[in-house]
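The values are calculated or read from the model by the stated rules, or taken from the named source; none is laboratory data. Since this is a predicted model, take the numbers as computed values, not measurements. Note that we place each Cβ from the backbone using ideal geometry, even for glycine, and neighbour counts take in every protein chain shown. The accessibility values were calculated without ligands, DNA or RNA, using every heavy atom of the protein model including side chains. Shrake-Rupley method; radii C 1.70, N 1.55, O 1.52, S 1.80 Å.
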Amino acid sequence: MATMQLQEILFSQGFGTRRVCAGLIQQGFVAVAGEIPTDPAMEFVADGLHFKVQGTAWQYHEKAYLMLHKPAGYECSQKPSTYPSIYTLLPSPIRQRGGGAAAGVQAVGRLDQDTTGLLLLSDDGKFIHRMSSPKHHVPKVYEVTAKHAVEDKQVQKLLIGVVLDDDPKPVRAAACEKTGDNTLSLTLTEGKYHQVKRMIAAVGNRVEGEGGVGGLHRSRIGALALPDDLKVGQWRWLTAGDLAAISS
Ligand code: URA
């Protein structure tokens, strides 16, 4: 198996410039398998390597694939205009990975500031493209709370197709079912701007949660559901099983 210098491993994982990474190692801030190697050029098999930097445990990932339980009141932008950025919810190395102008992970598509739920992030450009490309039709499930009672005919219209203001071609839900008086579950395979909100408006209702806030939650992408134990604002690495679930 190919090996890498420890300073290169740290650099690739977002722990600062090569010089900073070498300094961390020389000053004894890095532990590998209970040892404190102080030579930045020492070689390790990077794949799957567990190490600690200033007491915090990390594992080497060649590419980063994460899920975040997005809270309301956060923008999916690196340069947010009004609300804090979702990227502030991630530890600094995840935001610095790779270094340079394109450092860190990027969200796979965007959720509105007031939308909650499952958001994927990665630094693998091909993966981001594949997951967000309309050609791949990855189904995304949204739990909607509506201002007015959900009528059966609204569900029917969403399934048949509605016309939005920017395209004469109708868009339709791949699946839609009423889940309560004012709630429905909607599956989309495209990701147009504000698509759920505009589709619900097009059938004469409005996405609106209790107290007039929010009302939209993404619960699933492909076969990957937002785990119950991933609390609002928390993130975790995707497992090989998660990756298979979103690609299947
Ligand atoms: N559709 C919307 O209207 N908003 C989102 O955040 C996601 C899908």
Every residue in region 116-142 that is among the aliphatic types (A, V, I, L, M) and within 15 Å of the ligand (Cβ to nearest atom), please.
118, 119, 120, 131, 138, 141
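Name the residue, out of 181, 242, that is over 21 Å from residue 112 (Cβ atoms), surrounded by 13 or more Cβ atoms within 10 Å (Cβ to Cβ) and among the acidic types (Asp, Glu).
Within the list 181, 242, the selection yields 242.
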Out of 117, 104, report the one residue that is closer than 27 Å to residue 8 by Cβ and open to solvent by less than 10 Å² (accessible area, probe 1.4 Å).
104
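Answer with yes or no whether residue 174 is surrounded by 18 or more Cβ atoms within 10 Å (Cβ to Cβ) and either more than 14 Å from the ligand (Cβ to nearest atom) or not β-branched (Val, Ile, Thr) (or both).
no
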Would you please name the residue that is farthest from the ligand (Cβ to nearest atom), looking only at residues in region 204-219 that are over 15 Å from residue 149 (Cα atoms) and open to solvent by less than 40 Å² (accessible area, probe 1.4 Å)?
219
Residue 201 meets each of (1) under 24 Å from residue 133 (Cβ atoms); (2) within 11 Å of the ligand (Cβ to nearest atom); (3) open to solvent by 20 Å² or more (accessible area, probe 1.4 Å); (4) without any contact (Cβ under 8 Å) to a residue 40 or more places away in the chain with one exception, condition (1)
I'd like the full set of residues that are closer than 17 Å to residue 90 by Cβ and surrounded by 20 or more Cβ atoms within 10 Å (Cβ to Cβ), limited to region 123-149.
123
Do you know which residues across region 223-248 are within 21 Å of residue 187 (Cβ to Cβ) and among the β-branched types (Val, Ile, Thr)?
246
Residue 145 vs (1) under 13 Å from the mean Cα position of the chain (by Cα); (2) within 15 Å of the ligand (Cβ to nearest atom): all pass except (1)
Here, strands (runs of 3 or more DSSP E) confined to region 167-248 with at least 3 residues that are in contact with a strand residue (DSSP E or B) (Cβ under 7 Å, 6 or more places away or on another chain) and under 20 Å from residue 156 (Cα atoms) are 175-180, 183-188
In region 18-49, the residues that are within 19 Å of residue 96 (Cα to Cα) and in a strand (DSSP E or B)
30
Which ones in region 1-53 are hydrophobic (A, V, I, L, M, F, W, C), at pLDDT 95 or above and open to solvent by 70 Å² or more (accessible area, probe 1.4 Å)?
20, 29, 36, 42
Residue 113 meets each of (1) touching a Phe, Trp or Tyr at 6+ places or on another chain (Cβ under 7 Å); (2) away from the ligand (no atom under 16 Å from the Cβ); (3) not hydrophobic (A, V, I, L, M, F, W, C) with one exception, condition (2)
